[in-house]
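**Q** Sharing a structure below in structure tokens format, with a few things to ask.
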Amino acid sequence: MADKQAKAQKVYKTMVKALKGKNWHFEEREQDLTIVSNYTGDDLPVKFIIRVDAEREVIQYLSPLPFKMEESKRVDAAVAVCVANYGLVNGSFDLDINDGEIRYRLTTSYCDSEMGEEFFYDMMAVAVVTTDKYNDRFMMLNKGMMTLQQFIDMRN
């Protein structure tokens, strides 16, 4: 386990260095190998959490949307999440049907890998662009400003 922890620490430090190199502002939580930050894309502010999981040897990027789906919209949200995920190359959206939270999740293994700074920044870029593309669509669906069919029709 000590070897896994040392490798996780190295991955975390490389990730921190990569983000600092791009002048990204974030909170470091080295004790649990976590980075917390936020950004504002074209529309909504989005928080994200990046965790290095030493035991499973993975990096997990999680970005909960800044609202929860209304209970009356959760079935439509479940279909919309499926529609969005079908076209994604990397990562996926998750819906907690109980509380209406939608989050973007991108997980990658670093087992038997050496990942450089550019890899981490590229991972962030994919997550930011994907979340920014869909967050306003989910919000509009939630507020009744868009129908499920309109969401489906925008799938490209």
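Values in this text are rule-based calculations from the coordinates and carry no lab data. Since the structure is predicted, the reported quantities are computational estimates derived from the model, not experimental observations. Note that we place each Cβ from the backbone using ideal geometry, even for glycine, and neighbour counts take in every protein chain shown.
**Q** Go through the residues of the stretch 22-39 one by one and say whether even a single one is touching a residue at least 60 places away in the same chain (Cβ under 8 Å), over 17 Å from the mean Cα position of the chain (by Cα) and surrounded by fewer than 19 Cβ atoms within 10 Å (Cβ to Cβ).
**A** For the stretch 22-39, residues touching a residue at least 60 places away in the same chain (Cβ under 8 Å), over 17 Å from the mean Cα position of the chain (by Cα) and surrounded by fewer than 19 Cβ atoms within 10 Å (Cβ to Cβ): present.
**Q** Considering only the stretch 40-51, state which residues are of a type in the set (A, V, I, L, M), in a strand (DSSP E or B) and touching a residue at least 24 places away in the same chain (Cβ under 8 Å).
**A** Val46, Ile50
**Q** Also: Considering the stretch 134-156 alone, what residues qualify as being part of a helix (DSSP H, G or I), more than 15 Å from Leu62 (Cα to Cα) and not basic (Lys, Arg)?
**A** Hits for the stretch 134-156 are Asp136, Phe138, Met139, Met140, Leu141, Asn142, Leu148, Gln149, Gln150, Phe151, Ile152, Asp153.
**Q** I'd like to verify a number: residues in the stretch 101-133 that are more than 9 Å from the chain's Cα centre (by Cα), under 23 Å from Lys7 (Cβ atoms) and assigned to a strand (DSSP E or B), how many?
**A** Result for the stretch 101-133: 2.
**Q** Consider Ala8 carefully, then state whether it is of a type in the set (A, V, I, L, M), under 28 Å from Thr147 (Cβ atoms) and assigned to a helix (DSSP H, G or I).
**A** Here the answer is no, as Ala8 does not meet what is asked.
Rundown of residues vs (1) in contact with a Ser or Thr (Cβ under 9 Å, 6 or more places away or on another chain); (2) under 13 Å from Val46 (Cα atoms), yes/no style:
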{"position": "Met115", "(1), (2)": "yes, no"}
{"position": "Thr131", "(1), (2)": "yes, yes"}
{"position": "Tyr134", "(1), (2)": "no, yes"}
{"position": "Asn142", "(1), (2)": "no, no"}
{"position": "Gln149", "(1), (2)": "no, no"}
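**Q** While we're here: Would you say Arg74 is free of Cβ contacts under 8 Å to residues at least 60 places away in the same chain, closer than 30 Å to Gln149 by Cβ and surrounded by 17 or more Cβ atoms within 10 Å (Cβ to Cβ)? I'd like the intermediate steps shown before the answer.
**A** Numbers: free of Cβ contacts under 8 Å to residues at least 60 places away in the same chain: yes; closer than 30 Å to Gln149 by Cβ: yes; surrounded by 17 or more Cβ atoms within 10 Å (Cβ to Cβ): yes.
Against the criterion (free of Cβ contacts under 8 Å to residues at least 60 places away in the same chain, closer than 30 Å to Gln149 by Cβ and surrounded by 17 or more Cβ atoms within 10 Å (Cβ to Cβ)), Arg74 qualifies.
**Q** Here's a follow-up. For the stretch 52-97, give me each residue that is more than 17 Å from the chain's Cα centre (by Cα) and either of a type in the set (Phe, Trp, Tyr) or outside any helix (DSSP H, G or I) (or both).
**A** Answer for the stretch 52-97, where residues must be more than 17 Å from the chain's Cα centre (by Cα) and either of a type in the set (Phe, Trp, Tyr) or outside any helix (DSSP H, G or I) (or both): Ala54, Glu55, Arg56, Glu57, Met69, Glu70, Ile97.
**Q** Separate question: Take the residues in the stretch 98-110 that are loosely packed, with under 14 Cβ neighbours inside 10 Å and not hydroxyl-bearing (Ser, Thr, Tyr), then tell me which one is nearest to Ala127 (Cα to Cα).
**A** It comes out as Asp99.
**Q** Whether any residue in the stretch 28-39 is over 30 Å from Asp3 (Cβ atoms) and outside any strand (DSSP E or B) is what I want to check.
**A** no
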